[in-house]
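The values are calculated or read from the model by the stated rules, or taken from the named source; none is laboratory data. In this text, all values refer to a predicted model and were calculated from it rather than measured experimentally. FYI the Cβ positions are ideal-geometry reconstructions off the backbone, even for glycines, and counts take in every protein chain you see.
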Ligand SMILES: Nc1ncnc2c1ncn2[C@@H]1O[C@H](COP(=O)(O)OP(=O)(O)OP(=O)(O)O)[C@@H](O)[C@H]1O
């Protein structure tokens, strides 16, 4: 399946304040687009517009699937990792993976969820309640969930936040793997090294 996302002249206004205008870019299966810009420039807002969670003030997101304009909500093709996402703290990491992948229609078995925990370096702590996790461990769990969903479009908002060096390497490998498997990746980051993962860069 080939997907193409066209960010077509997007602008966003909050009340009187114009955050950005005339933003255009494109990303397709097998490519990564980096979105960068200073704090408050609107990276997270743009990513939410691309997922369909926030409406743009002007312009539109055009999605084509196998070269046909798709009438479906773009959110059904996307997986989103964001600092604003929260996991269920009363559930274990493994239970969260099983829950979220089921919600997205690609249920993981317990052994698949355990494997995902290992892949993001959570190992046996996957059996512990998320309430006991550090912020970096919670971030790793979000990465396990998107890996389990394995969407056509990966939308990653600061995926390395709170991660140590080994976590950053995991992010790098996840992105490379997703692109190899023909996903389209949109990555908002201010990490100089991560900006370079993009085949193209959009600076806000
Ligand atoms: N719902 C909202 N209502 C009003 N203002 C908002 C809303 N959402 C975001 N903003 C404002 O838009 C600006 C851009 O926020 P956003 O989080 O998109 O920036 P960012 O580039 O991701 O920032 P950072 O690098 O700090 O994460 C901020 O000033 C923020 O306060």
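For the stretch 120-146, what are the residues that are within 16 Å of residue 174 (Cβ to Cβ) and not in a helix (DSSP H, G or I)?
Those that are within 16 Å of residue 174 (Cβ to Cβ) and not in a helix (DSSP H, G or I): 120, 121, 122.
Could you check how many residues of the stretch 147-204 are part of a strand (DSSP E or B), more than 16 Å from the ligand (Cβ to nearest atom) and under 20 Å from residue 106 (Cβ atoms)?
Residues that pass the stated criteria total 4.
Kindly evaluate residue 39 against the criterion of being within 16 Å of the ligand (Cβ to nearest atom), at pLDDT below 95 and surrounded by fewer than 17 Cβ atoms within 10 Å (Cβ to Cβ).
yes
If a residue has to be touching a helix residue (DSSP H, G or I) at 6+ places or on another chain (Cβ under 6 Å) and touching a residue at least 24 places away in the same chain (Cβ under 8 Å) to count, how many in the stretch 107-120 make the cut?
5
Filter the stretch 151-189 down to the residues that are over 23 Å from residue 200 (Cβ atoms) and touching a helix residue (DSSP H, G or I) at 6+ places or on another chain (Cβ under 9 Å) and list them by number.
162, 163, 164, 167, 170
Select from the stretch 42-60 the residues that are under 12 Å from the mean Cα position of the chain (by Cα) and within 11 Å of the ligand (Cβ to nearest atom) and list them in ascending order.
The answer is 44, 47, 48.
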